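Structure first, then comments.
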Amino acid sequence: MFHGSKIKIGAFLGILLSFVSLIIHLYITNSSNTELIYYRLPVDSFYGPRSKIKALWGPVSPLTALQPYTDPSKSFRASSDSNNGYIYAKIHGGFERIRSSICDLVAVARLLNATLVIPELQASLQSKGISSKFRSFSYLYNEMNFIEALEKDVIIVGSLPKDLKEARKKNKFPIISPKKHASPGFYLDDVLPKLQKAKVVGLVITDGGCLQSVLPPTMKEYQRLRCRVAFKALDFRTEIKALGSQIVERLRASGKPYLAYHPGLVRDTLAFHGCAELFQDLHTELVQYRRKQMIEKGLVREQLSIDSFARKGNGSCPLMPEEVGLLLRAMGYAPDTIIYVVGSETFGGQRVLLPLRALYGNTVDRSSLCSKSELSNLPGSESPLPDSSVKPPPPKTREQLKEEWNRAGPRPRPLPPPPGRSFYAHEKTGWYGWLADADVEPERTIIEHRREAHHLLWDAVDYHVAVEADAFFPGFQDDGGPWPDLAGLIIGHRLHKYPSRVTFRPDRKSLAELFSMTRGNHYHPGRNWTMAAREQLKKAAAAEAMLGAAEMVGQLAFLSHPLPECSCVADMEKKAALGTVDKCPEWIKPSSQSMSLVSEFSGDEDTEDDSTAGDDDMDTDFLPEPMDTAGGSSEQDDEMDPDD
């Protein structure tokens, strides 16, 4: 019994000593200097301290002084009735090439003092049965606005006179295919004499532009003319604008901001830059096939097989959606942020967007925000197309089955083979149906031509939504590349219309290095991966990134960097930071039009650095509420594997 008492006394003393030790440790911890604390958890334990609202949604203070301004100077005389003849043009390519080509075409018509015939968009002409309600140009743009907005600059007519139409059908007029970035001298020396002689010249534009991006200083007014074309004259037709505005209203129905995201995963872009290995199996073959075509045409002067991961490391390939999701979370965008996916083509289909949707549940697109009838009304009433699906053979009659039985031979015999299954349309048609059976991609079908015309409409709607977005993030912007880029056009239009809204220009090379880092010190407070990613994105959204890009690549991508010709400075105190941008006329006053949705409520004029704002939680009043997208189906574009 005495032995048992000793055990109880020992246990009691052990518990008492442990309790005293705990009290002492807590006292030392509370009374110690903070320098003794080696590690402290960040505010949200994984993503690090959150940024202030202004860092996420703007405004970008140095750019608030910019105002859209494209009016001609008084010295730029109005167009005269007397001219050298007519210019008509056929424009090949998608939405991006059409937009940049029309801007160049108007400047060329003014340079040659010629009457411009409304250009023809081959993507709509080849669709075989677009609605009779639209002509080629009016399928995408407002034709009357185009003519009226430029009436003082260029004479524009709907078509050639009747007698010249007949001569055109007989190919009596010279047809010229100008190279991209052709100089003004080419048109004055080569095209103008032919125009004066024949009175009509046709241009075939295939490379997304027919005039050099930045003109000499003596032609500053022609540069400003292209601004008027891009941002005033090229207004979408009423139905496109109405649907785009309706989508914006639905995105902002909760009173919260939204971010537009363009993945940049386009088959031509991936093939040109050698990014095939970012995908697998079927999609890699498709990209390599397109790259082979580009090599044969001389567009690519490299080998067919190339290390895609090395290309991604130097920033030549798009950021993948999962990488964009991680970057946005690191920047501080809440998991319920509304993200609108832009673009009619996302190579790889909805499967490649799944990681982004896992990180951001409110990732939506036009098909999840609009009903099928709203989307089908946009192309108008189209003529029906023949049913291309492979139908199973008709069932055999009783007499046919009996006759086959009688001809079958002696019995017993093995069972006949099972009937052949019916083939679905997607197994024989489309851009992937030929891979298993042939080495050559077949010619486009009528359905594919029509789908290409529809892509013009979807890109136009998304373009409108992206320009109006409170923030924009491009997965890829091809500054100075071989053709215009949708993300670049959006960035340029936002810089013109809403310069102070947050528009990211991510440095893909630096971000690729960041994603490849696995060093242990990135988990140390103050030097962790999240802080490094956030610093990169802050630089990408800063005014210096926008203005620096305008200086470096503006010579090759005018519409992506429409400074200084397309804007003016209303606040002269900030002019020094904006370079050579002219002062605004007196009648232009600084307006709140360029402010983002959130900045109208924030009232905070100074952006706080993360180092000082690290312990401040994000104001949840401005976080978007979850959207109910269960009723809408996310659209599967043409680049999606049917087995996904």
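Details
- Glu285 being among the acidic types (Asp, Glu), surrounded by 17 or more Cβ atoms within 10 Å (Cβ to Cβ) and more than 26 Å from His464 (Cα to Cα): no
So that you can scan it fast, the table gives a plain yes or no per residue for (1) aliphatic (A, V, I, L, M); (2) modelled with pLDDT of 90 or more; (3) out of contact with any Pro (no Cβ under 9 Å at 6 or more places or on another chain):
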residue: Tyr187; (1), (2), (3): no, yes, no
residue: Thr206; (1), (2), (3): no, no, yes
residue: Gly209; (1), (2), (3): no, no, no
residue: Glu221; (1), (2), (3): no, no, no
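- Only one of the listed residues (Leu359, Leu385) is in contact (Cβ under 8 Å) with a residue 40 or more places away in the chain and in contact with a helix residue (DSSP H, G or I) (Cβ under 7 Å, 6 or more places away or on another chain). That residue is Leu385.
- Restricting segment 292-314 to residues that are among the polar types (S, T, N, Q) and under 23 Å from the mean Cα position of the chain (by Cα), the residue that is nearest to Ala271 (Cα to Cα) is Ser308.
- Per the conditions (1) of a type outside the set (Phe, Trp, Tyr); (2) farther than 21 Å from Phe476 by Cβ; (3) modelled with pLDDT of 90 or more, the sole criterion not satisfied by Gly264 is (2).
- Only residues that are touching a residue at least 40 places away in the same chain (Cβ under 8 Å), part of a helix (DSSP H, G or I) and surrounded by fewer than 18 Cβ atoms within 10 Å (Cβ to Cβ) were counted in segment 307-324, giving 1.
- Inside segment 537-552, residues that are surrounded by 18 or more Cβ atoms within 10 Å (Cβ to Cβ) and either over 11 Å from Val502 (Cα atoms) or modelled with pLDDT of 80 or more (or both) make up a count of 7.
- Subset of segment 325-378 [open to solvent by less than 10 Å² (accessible area, probe 1.4 Å) and over 19 Å from the mean Cα position of the chain (by Cα)]: Ala330, Met331, Gly332, Tyr333, Ala334, Leu378
- Which numbered condition Ile7 misses (of (1) surrounded by 10 or more Cβ atoms within 10 Å (Cβ to Cβ); (2) at pLDDT 75 or above; (3) among the aliphatic types (A, V, I, L, M)): (1)
- Segment 288-301 - residue that is in contact with a Leu (Cβ under 9 Å, 6 or more places away or on another chain) and surrounded by fewer than 24 Cβ atoms within 10 Å (Cβ to Cβ) and, of those, nearest to Glu452 (Cα to Cα): Arg290
- Selection within segment 270-282: residues that are open to solvent by less than 50 Å² (accessible area, probe 1.4 Å) and either touching a Pro at 6+ places or on another chain (Cβ under 7 Å) or not in a helix (DSSP H, G or I) (or both). The member of this set that is farthest from Phe95 (Cα to Cα) is Phe279.
- Among the residues of segment 167-177, those identified as aliphatic (A, V, I, L, M) and either open to solvent by less than 30 Å² (accessible area, probe 1.4 Å) or assigned to a loop (DSSP other than H, G, I, E, B) (or both) are Ala167, Ile176.
- Looking across segment 523-536, just one residue is at pLDDT below 80 and either open to solvent by less than 20 Å² (accessible area, probe 1.4 Å) or of a type in the set (Ser, Thr, Tyr) (or both), and that is Tyr523.
- Strands (runs of 3 or more DSSP E) within segment 59-166 that include 1 or more residues without any contact (Cβ under 8 Å) to a residue 60 or more places away in the chain, crowded, with 19+ Cβ neighbours inside 10 Å and not basic (Lys, Arg): 115-117
- Considered as a group, the residues in segment 283-304 that are assigned to a helix (DSSP H, G or I) and among the polar types (S, T, N, Q) include one that is farthest from Gly208 (Cα to Cα), and that residue is Thr284.
The values are calculated or read from the model by the stated rules, or taken from the named source; none is laboratory data. Owing to the predicted nature of the structure, the values given are computational and were not obtained by experimental measurement. Here the Cβ is made from the backbone with ideal geometry for all residues, glycine too, and neighbour counts use every protein chain on show. Areas reflect the complete protein model, heavy atoms only, side chains present, ligands, DNA and RNA absent. Shrake-Rupley method; radii C 1.70, N 1.55, O 1.52, S 1.80 Å.
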